[in-house]
Structures are given as structure tokens and as C-alpha cells.
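So the structure is just underneath, and the comments pick up after that.
Rule-based calculations on the coordinates, nothing more; no lab input. None of these values were measured; they are calculated from a predicted model.
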């Protein structure tokens, strides 16, 4: 996803977030996903617009999801 951030759709990021243990929450204007496995990690707002998302928005969301991955790896070690 990092190689082609201009072609990422919101559904792609939502599937990744759900695979990492995040679930949709009822806060904010945009759909927000909170981590069930890592309750201390910040919630992530993911715009649900048709078409591709802004590459900078995608980068910020991927940064937050990578933090989940690193934290889960530390727990498993």
C-alpha cells in the first residue's frame, strides 16, 4: 500500500484495520475505528468516500495501523 498511496480506497484500509483487531465506533463525523486488542492506541478516522483517498490521508492512516502492528509484535515477543 505504501508503494501506491494514490490508488488506495477506503475499503482497503478498513479491511486492514479490521484484520488488526479494530472495530467501527460511533464517534465523530467520519467512521472511526478503535482497537479492541490495544485499547491504549488512538482511534483512527477513515473517510468513507467513493474513489481513491488523498495520498497524505492514506499515509497517516497507514502510520497509525503500522503502530498497531509494531505493538502487537512486541506483545507476541
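Helical runs (DSSP H, four residues minimum) scored at -39500 (n - 2.57) apiece and divided by the length of the chain put the mean residue ellipticity at 222 nm at -14000 deg cm²/dmol.
A straight line joining the Cα centroids of segment 35-77 and segment 1-32 runs 7 Å.
Helix 10-19: angle to the longest alpha-carbon principal axis of the chain, degrees 0 to 90, nearest 10? In the chain, helix 10-19 runs at an angle near 10 degrees to the longest axis. Shape of the chain from its Cα gyration tensor (a ≥ b ≥ c, root eigenvalues): rounded if a/c is under 1.5, otherwise prolate when a/b > b/c, or oblate? Oblate.
Entry note, the chain: relative contact order of 34 percent, from Cα contacts under 8 Å with a spacing of 6+ residues. The stretch between residue 12 and residue 56 holds 14.3 nm of extra length on full extension. This uses 0.36 nm per residue minus the Cα-Cα distance.
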